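Student: Quick one: structure below, then a few questions.
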Amino acid sequence: QVQLVESGGGLVQPGGSLRLSCAASGSIFSIYAMGWYRQAPGKQRELVATKPGGGSTNYADSVKGRFTVSRDNAKNTLYLQMNSLKPEDTAVYYCDAALSRVADGIARSYWGSGTQVTVSS
């Protein structure tokens, strides 16, 4: 089985920073792309940033210049550094990975269960 586990969420004041992590584990053959999404109360899930294996990172306009995605391929881990946080960044943040398992080599999308980020004074 494959698991994605997010961590690093919490309560932070406006202007503060948080660093989220997403660790993929299990019988993974290859990871093709990973990304971060978020869902605020009453809203649809939206893209935050995606990082293909060999391509450039794509950011939502609302987070450009404030959020930075990085990836440690050796650890199968994706990070999201969030700076200058705003109340409107409050949401559950989810990690997504397009990967294939050792068992069959078929690329599928996997999701983590999310981590809550609350920006409030």
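Student: Mind checking which residues of the stretch 80-97 are surrounded by 17 or more Cβ atoms within 10 Å (Cβ to Cβ) and either under 19 Å from residue 4 (Cα atoms) or among the hydroxyl-bearing types (Ser, Thr, Tyr) (or both)? Outline the logic, then answer.
Tutor: First, the residues of the stretch 80-97 that are surrounded by 17 or more Cβ atoms within 10 Å (Cβ to Cβ): 80, 82, 85, 89-97.
Residues satisfying the conditions are 80, 90, 91, 92, 93, 94, 95, 96, 97.
Student: When you go through 117, 69, 48 one by one, which is the residue that is touching an Asp or Glu at 6+ places or on another chain (Cβ under 7 Å) and in a strand (DSSP E or B)?
Tutor: None of the other options fit; the residue is 117.
Student: A follow-up question, please. Can we say residue 41 is farther than 18 Å from residue 68 by Cβ, part of a loop (DSSP other than H, G, I, E, B), in contact with a helix residue (DSSP H, G or I) (Cβ under 9 Å, 6 or more places away or on another chain) and not β-branched (Val, Ile, Thr)?
Tutor: No.
Student: Tell me, yes or no, whether the stretch 98-109 has at least one residue that is among the aliphatic types (A, V, I, L, M), within 17 Å of residue 26 (Cβ to Cβ), modelled with pLDDT under 95 and open to solvent by less than 20 Å² (accessible area, probe 1.4 Å).
Tutor: Checked the stretch 98-109: at least one residue is among the aliphatic types (A, V, I, L, M), within 17 Å of residue 26 (Cβ to Cβ), modelled with pLDDT under 95 and open to solvent by less than 20 Å² (accessible area, probe 1.4 Å).
Student: Same structure, new question: Out of the residues in the stretch 54-66 meeting the condition of being part of a loop (DSSP other than H, G, I, E, B) and of a type in the set (Ser, Thr, Tyr), tell me which one is most open to solvent (accessible area, probe 1.4 Å).
Tutor: The extreme case among them is 56.
Student: Another question, then. When you scan the stretch 61-76, how many residues do you find that are of a type in the set (Gly, Ala, Ser) and touching a residue at least 24 places away in the same chain (Cβ under 8 Å)?
Tutor: 1
Student: Mind checking which residues of the stretch 1-53 are within 12 Å of the chain's Cα centre (by Cα), open to solvent by 50 Å² or more (accessible area, probe 1.4 Å) and more than 22 Å from residue 83 (Cβ to Cβ)?
Tutor: Scanning the stretch 1-53 gives a single hit, 5.
The values are calculated or read from the model by the stated rules, or taken from the named source; none is laboratory data. Everything quoted here is computed from the prediction, not taken from an experiment. Positions of Cβ are generated from backbone atoms using ideal geometry, with glycine treated the same way; all protein chains shown enter the neighbour counts. All accessible areas refer to the heavy atoms of the entire protein, side chains included, with ligands and DNA or RNA removed. Shrake-Rupley method; radii C 1.70, N 1.55, O 1.52, S 1.80 Å.
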